[in-house]
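Below: the structure, in structure tokens.
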Amino acid sequence: MKQGSHVILKKSLEEGKAKGFQVKIRGKIHYGLVVRKQEKFYAYRNECRHLSITLDLNDEQFFNAEGTHLQCQMHGATYEIENGECIAGPCVGSRLERLEIQIEENRLVVQFKEESK
């Protein structure tokens, strides 16, 4: 497996749920998340665009109360699942960094870009 990659079994990610993960690249830990919505998968760097903290504060709580949007648990920045755009909170208009997903038969391979922070 390529450095900066993480594998998630498709069956381990239920509809309407998100799963966080971490990878190590050149000695540095990077955090990501994958969301399953309407049988599609979306992956992002797990980092709020307002502050450099994870959206879930490491407790796997990625969504707003309604479960319709990703939300930073620290300051409430709210992001569209489909495109990562911040639609409410302190960083409106910015976007979460999208990660590449390769969908294989029964698994997802998520790849951080080599030039990731």
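Could you check, for region 9-25, whether at least one of its residues is surrounded by fewer than 10 Cβ atoms within 10 Å (Cβ to Cβ), within 14 Å of K113 (Cβ to Cβ) and out of contact with any Pro (no Cβ under 7 Å at 6 or more places or on another chain)?
For region 9-25, residues surrounded by fewer than 10 Cβ atoms within 10 Å (Cβ to Cβ), within 14 Å of K113 (Cβ to Cβ) and out of contact with any Pro (no Cβ under 7 Å at 6 or more places or on another chain): absent.
Give the residues of region 26-57 that are surrounded by 14 or more Cβ atoms within 10 Å (Cβ to Cβ) and over 9 Å from the mean Cα position of the chain (by Cα), sorted by residue number. Steps first, please.
In the first step, residues of region 26-57 are kept if they are surrounded by 14 or more Cβ atoms within 10 Å (Cβ to Cβ); the result is 30-37, 41-50, 53-56.
If the condition is that a residue be surrounded by 14 or more Cβ atoms within 10 Å (Cβ to Cβ) and over 9 Å from the mean Cα position of the chain (by Cα), then H30, R36, K37, F41, C48, R49, H50, I53, T54, D56 are the ones that fit.
Kindly list the number of the only condition in (1) modelled with pLDDT of 95 or more; (2) touching a Gly at 6+ places or on another chain (Cβ under 7 Å); (3) of a type in the set (A, V, I, L, M) that fails for V23.
Exception for V23: condition (1).
So K17 fits all but one of (1) charged (D, E, K, R); (2) under 17 Å from N83 (Cβ atoms); (3) in contact with a strand residue (DSSP E or B) (Cβ under 7 Å, 6 or more places away or on another chain); what number is the exception?
Every listed condition holds for K17 apart from (2).
State which residue pairs qualify: first residue over 15 Å from L33 (Cα atoms) and inside region 64-81, second residue among the acidic types (D, E) in any location, beta carbons under 6 Å apart, and separation of 6 or more residues or different chains.
Close Cβ pairs satisfying both conditions: none exist.
Go through (1) touching a residue at least 24 places away in the same chain (Cβ under 8 Å); (2) among the small types (G, A, S); (3) surrounded by fewer than 16 Cβ atoms within 10 Å (Cβ to Cβ) one by one and return the number of the condition G89 breaks.
Of (1) touching a residue at least 24 places away in the same chain (Cβ under 8 Å); (2) among the small types (G, A, S); (3) surrounded by fewer than 16 Cβ atoms within 10 Å (Cβ to Cβ), only one is false for G89: (3).
The values are calculated or read from the model by the stated rules, or taken from the named source; none is laboratory data. Please read these numbers as outputs of a predicted model, since none were measured by experiment. A quick note on method: Cβ atoms are made from the backbone with ideal geometry, for glycine too, and the neighbour counts reach across all protein chains shown.
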